[in-house]
1. Scan B:Lys22, B:Lys71 and give me the residue that is away from chain A (no Cβ under 14 Å), within 11 Å of the chain's Cα centre (by Cα) and of a type outside the set (S, T, N, Q).
2. From the list B:Ser52, B:Ser95, exactly one residue is exposed (fewer than 14 other Cβ atoms within 10 Å of the Cβ), of a type in the set (Gly, Ala, Ser) and within 14 Å of another protein chain (Cβ to nearest Cβ). Which is it?
3. Would you check if there is a residue in the stretch A:14-26 being touching a Pro at 6+ places or on another chain (Cβ under 6 Å), buried (at least 19 other Cβ atoms within 10 Å of the Cβ) and of a type in the set (A, V, I, L, M, F, W, C)?
4. Looking at A:Ser58, A:Ser107, which is the one that is more than 24 Å from B:Ala29 (Cβ to Cβ), in a loop (DSSP other than H, G, I, E, B) and within 9 Å of chain B (Cβ to nearest Cβ)?
5. When you scan the stretch A:47-56, do you find a residue that is of a type in the set (Val, Ile, Thr), surrounded by 15 or more Cβ atoms within 10 Å (Cβ to Cβ) and in contact with an Asp or Glu (Cβ under 6 Å, 6 or more places away or on another chain), even just one?
6. Does the stretch A:83-90 contain at least one residue that is surrounded by 19 or more Cβ atoms within 10 Å (Cβ to Cβ), touching a residue at least 12 places away in the same chain (Cβ under 8 Å), more than 9 Å from every other protein chain (Cβ to nearest Cβ) and in a strand (DSSP E or B)?
7. Report, by residue number, each residue of the stretch B:43-56 that is more than 13 Å from the chain's Cα centre (by Cα) and either of a type in the set (Asp, Glu) or within 14 Å of A:Gly42 (Cα to Cα) (or both).
8. Condition test on A:Lys51, is it charged (D, E, K, R), touching a Pro at 6+ places or on another chain (Cβ under 8 Å) and more than 16 Å from A:Gly108 (Cβ to Cβ)?
Amino acid sequence: NAGVMQNPRHLVRRRGQEARLRCSPMKGHSHVYWYRQLPEEGLKFMVYLQKENIIDESGMPKERFSAEFPKEGPSILRIQQVVRGDSAAYFCASSTGTGAYGYTFGSGTRLTVV
Amino acid sequence: GENVEQHPSTLSVQEGDSAVIKCTYSDSASNYFPWYKQELGKGPQLIIDIRSNVGEKKDQRIAVTLNKTAKHFSLHITETQPEDSAVYFCAASGSGNQFYFGTGTSLTVIP
C-alpha cells in the first residue's frame, strides 16, 4: 500500500514561470491537504480538497496560487508566475474523512525559484 | 485563529537520557494534538497523538501529556537513541480541517 506520493521531489523554476506540484493520496483516501514549509519554520496550511471540490482555501495566497483535485488523477497545486519567495517545501497529506485524524504526509516537493 | 508555540527550538541530549518538548495553544476549542517527526529531506511522520478527553498517552519510549486547563501539551522521549535525532513538530486541531503547527524542535541525540 503506497503512501502519499508527491512529484516531483525537487523542482527548479525561473522567476515568472509556472510550477505544478502533484499529489496522489493514499489508496482509499479522498481528502487532500496542502501545506507549505518555509526554511526552519513549521508547516502552514494552504488548502483542503475533496474530489472535485475545494473545501477550505483559507491558507492560499489570493493571487497566483490554485489547487484542484479532479475526479481522476492526482491533486495539483499550481503556482503561476513564481517569485523567489515561493521557494519552499510543499507537502501534501491525505486522510479518509473529515476532521483532523489520520493525516498521512507525503515526502514533499522542494521548489526552488532562481 | 489558533496559535501554537513550541519550545525549545533546539535540544541536545546524551544517548539514554530523556527529552521533553513543550507546546502551548491558544484556542480552547482545539481537541486533537498530534506530534510529528521529520527527518532530513522527508515528510512529517505521525509518531503519537492525543485527544482532549485524555490526559496522557504512552507508546513504548514516547509519551504525550495534555493539560487542557493550562492549554499545553508535551512530548516525552525516554531512553533516547541516535535515531531519535530529527525535527519534531507539535500541532493542534479543532473542529476545522487544518492543523496548526508549532515551529519545530531540532533534537540531537549525542552517542
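Read the figures in this text as sums done on the coordinates, not as results from a lab. Predicted model only: the values in this text are computed from it and were never measured. Reconstructed Cβ throughout: ideal geometry from the backbone, glycine too, with neighbour counts over all protein chains shown.
1. From the options B:Lys22, B:Lys71, the qualifying one is B:Lys22.
2. B:Ser95
3. Looking through the stretch A:14-26, at least one residue is touching a Pro at 6+ places or on another chain (Cβ under 6 Å), buried (at least 19 other Cβ atoms within 10 Å of the Cβ) and of a type in the set (A, V, I, L, M, F, W, C).
4. Details: A:Ser58 fails: more than 24 Å from B:Ala29 (Cβ to Cβ).
The unique qualifying residue is A:Ser107.
5. yes
6. Scanning the stretch A:83-90, I find at least one residue that is surrounded by 19 or more Cβ atoms within 10 Å (Cβ to Cβ), touching a residue at least 12 places away in the same chain (Cβ under 8 Å), more than 9 Å from every other protein chain (Cβ to nearest Cβ) and in a strand (DSSP E or B), so the answer is yes.
7. B:Gly43, the sole residue that qualifies.
8. For A:Lys51, the condition - charged (D, E, K, R), touching a Pro at 6+ places or on another chain (Cβ under 8 Å) and more than 16 Å from A:Gly108 (Cβ to Cβ) - is met.
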